[in-house]
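A.B. asks: Handing you a structure now.
Please treat every number below as a calculation from the coordinates, not as lab data. Because the structure is predicted, anything quoted here is derived from the model rather than measured. A quick note on method: Cβ atoms are made from the backbone with ideal geometry, for glycine too, and the neighbour counts reach across all protein chains shown.
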Amino acid sequence: MTQQYNKKEAGLTGLGFIFILLILGFFVALGLKLVPVYLEYYNVTTSLQSLEKEDSAALSGSEEIKTLLKKRLEINDVTHVTDKDISIEKKVNGAIVTVEYEVRKNFMGNVDIVVSFKDSVELAGS
């Protein structure tokens, strides 16, 4: 008595496994490029937020605000923010400090990843 099985074996082929590895590798490479960029952005936002806690008498002018912010960015090892990325808008009862910058990272070959950031904080009484 012989039994016949009409079921096909189902599973992942070698080509399918390689395809899954390629997709996984792509996202790992993307993460390795983007995680440091977002960690640096976190340092920018914490530096900006620390300006709010600063004594308003110490921040009398735009140059003092910019100098203090640049020192904090340097301490936090922020390398992508330059002088031209920091703008200070004076208001009647304070100032708005804005940091707007762009980071370009080479991804693979001639493909780049471009990430833009903009964050601002309002300072009272400066």
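A.B. asks: Using packing as a proxy for protection, rank 38-49, 15-26 so that the peptide with the highest average count of other Cβ atoms within 10 Å comes first.
C.D. replies: 38-49, 15-26
A.B. asks: Near VAL99, within a Cβ-to-Cβ distance under 9 Å, what is the net charge of the other residues, with Lys and Arg +1 and Asp and Glu -1?
C.D. replies: Summing Lys and Arg as +1 and Asp and Glu as -1 gives -2.
A.B. asks: Of all alpha-carbon pairs in the chain, indicate the percentage at a distance above 21 angstrom.
C.D. replies: So the pairs more than 21 Å apart make up 56 percent of the total in the chain.
A.B. asks: Subtracting the Cα-Cα distance from 0.36 nm times the residue separation, let me have the gained length for TYR42 to LEU22 in nm, one decimal.
C.D. replies: 4.2 nm
A.B. asks: First measure r as the distance between the Cβ atoms of ASN110 and LEU30, then evaluate 1/(1 + (r/R0)^6) with R0 = 22 Å and state the FRET efficiency to the nearest 0.05.
C.D. replies: In this case the efficiency is close to 0.85.
A.B. asks: Return a single number: how many Lys pairs in the chain, at a sequence separation of 8 or more or on separate chains, have alpha-carbon atoms below 23 angstrom apart.
C.D. replies: Lysine pair count for the chain: 25.
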